[in-house]
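First the structure, in the form of structure tokens, and then the observations on it.
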Amino acid sequence: MATYSKGLIEIGDGLVAWLQPDGGWGWSNAGLIVDGRPGDGAAALVDTLFDTQLTAEMLAGMERATGFGAATIGQVVNTHANGDHTHGNHLLRQAEIIASEASAREMEAFSPAVLAQMKVAGAAGHMGLAGAYFAEIFAPFDFAGVKERAPTRTFCGHERLIVGRKVAELIEVGPAHTAGDVLVHVPQGKAVFTGDILFIEGTPIMWAGPISNWIAACDRIITMDVDVIVPGHGPLTDKAGVREVADYLGYIHREARARYDAGLSAADAARDIGLGRYASWKDAERIAVNVDTLYREYSGDTSPPDVVRLFGLMGQLYFDRR
């Protein structure tokens with residue numbers, strides 16, 4: 001496992017990453033693209049964090065290092081809809097908030113208030129294993145202080161983000177992890193911010209699929225002329241790290257398909273699949289979601305995932321293992 005520290009790391013040519021060990025549930029990464037200085041420059045933030053306090057801490061750190069903070073960052077890109085990449089949007093009151101159309105729709109459906117209610121219910125012993133698991137993994141985060149700020153600009157497919165004299169390419173690769181995943185590629189800096197297309201040293205979780213889109217997104221990153229890859233969770237990585245994620249996805253796909261064809265239920269298949277070299281990755285219980293999503297793909301079921309039921313399945317694996 002790579003050792004890395006919380007906070008800001010300069011990755012070259014006006015690019016900054018903000019990393020949050022240990023990369024597990026809720027501990028996401030973000031980035032900043034800067035050109036010039038406040039007053040004669042521009043800055044765009046790639047993702048906010050899971051709650052108000054964490055995002056405020058990040059923005060203060062970025063301002064100390066670059067001069068750009070909450071009042072002077074002009075644009076925010078949300079790489080996808082999950083709250084650990086969007087819940088700090090409200091601290092950037094004057095910034096343009098940019099996301100894919102699919103992500104914007106998904107944000108509407110699963111608000112911070114819902115997360116706060118689930119956490120309280122779980123801590124109180126309601127909702128069974130799902131609630132207990134939810135309350136435990138999200139204990140460090142304060143959803144009650146989050147005020148939603150939805151995207152102000154959306155796109156489909158591809159968009160150019162102009163940051164002073166820099167250009168970033170916004171590339172929609174979802175649905176994969178979620179409905180509208182976006183890569184932020186900065187060719188001038190030979191860097192890409194991947195959002196949750198990449199979990200490094202942590203188990204990917206596929207809420208949406210299809211899995212072929214996710215593997216194709218990994219392949220796309222591998223073909224890019226980049227030296228720095230900032231994942232949605234975990235330490236900075238290289239193309240070997242991207243291949244590891246793609247290999248995990250391919251392995252789970254093959255193993256789940258064999259058990260689907262043999263007539264096993266999704267829950268039984270998730271318990272039956274041996275994780276081998278991936279067993280040391282954090283949050284291994286996410287296999288329950290991955291297999292359930294694959295089973296729905298195999299059967300042609302296009303209904304949205306039952307999030308509470310899936311948290312219950314993950315909780316079973318998590319508490320059984322512990």
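Fully extending the segment from Ala139 to Ala123 would add 4.9 nm, taking 0.36 nm per residue of separation and subtracting the current Cα-Cα distance.
In terms of overall dimensions, the range 140-227 has a Cα radius of gyration and Dmax of 14.6, 41 angstrom.
Note on Ile162 and Thr223: with the Förster distance fixed at 25 Å, the Cβ-Cβ geometry gives a FRET efficiency of about 0.55. Quick check: the angle from helix 287-299's long axis to the longest principal axis of the chain, C-alpha only, nearest 10 degrees? Relative to the chain, helix 287-299 is tipped by roughly 80 degrees. For Gly74, nonlocal amide neighbours, meaning residues 5 or more places apart or on other chains whose placed amide H falls under 5 Å from its own, are Ala43.
Only Cα pairs under 8 Å and 6+ residues apart enter the sum, and on that basis the relative contact order of the chain stands at 16 percent. With respect to the cross-link table entries Lys6/Lys190; Lys119/Lys239; Lys147/Lys282; Lys147/Lys239, which display a Cα-Cα separation exceeding 26 Å? The pairs that break the limit, which is 26 Å between Cα atoms, are Lys119/Lys239; Lys147/Lys282; Lys147/Lys239. For the range 207-290, count all C-alpha to C-alpha pairs, find those more than 16 Å apart, and express that count as a whole percent of the total. Cα-Cα pairs in the range 207-290 separated by more than 16 Å: 57 percent.
A crude spin-label estimate for the pair Glu148 and Asp306, with each label 7 Å from Cα along the Cβ direction, gives 2.5 nm.
Considered as an equivalent ellipsoid built on the Cα gyration tensor, the range 276-322 has semi-axes of 22, 14, 7 Å, the largest given first.
Backbone phi angles across the range 100-106, fed through the Karplus curve with coefficients 6.51, -1.76 and 1.60 (θ = phi - 60°), yield HN-Hα couplings of 5, 4, 5, 5, 4, 5, 5 Hz in residue order; Gly and Pro are listed as x. For the range 125-140, the Karplus equation 6.51 cos²θ - 1.76 cosθ + 1.60, evaluated at θ = phi - 60°, returns couplings of x, 8, 6, x, 4, 4, x, 4, 5, 4, 5, 6, 6, 9, 4, x Hz by residue, with Gly and Pro reported as x.
Of Val307, Val163, Val146, the sequence from fewest to most neighbouring Cβ atoms within 10 angstrom is Val307, Val163, Val146.
Over 26 Å apart: what share of the alpha carbon pairs of the chain falls there, rounded to a whole percent? I get 44 percent for the Cα pairs in the chain exceeding 26 Å. Computed from backbone phi, the HN-Hα couplings of the range 166-171 come to 8, 10, 10, 9, 9, 10 Hz, rounded to whole numbers (Karplus: 6.51 cos²θ - 1.76 cosθ + 1.60, θ = phi - 60°; Gly and Pro given as x). When the convex hull of its Cα atoms is viewed from all sides, the range 1-141 shows a mean projected area of 9.4 nm². Of the trypsin sites (Lys or Arg not before Pro) in the range 18-123, the ones in a loop by DSSP (not H, G, I, E or B) with at most 11 other beta carbons within 10 Å are Arg93.
Since every read-out is calculated from the coordinates, none of them should be taken as a lab result. The structure displayed is predicted, hence computed values, not measured ones. All Cβ positions, glycine included, derive from the backbone under ideal geometry; neighbour counts span all protein chains shown.
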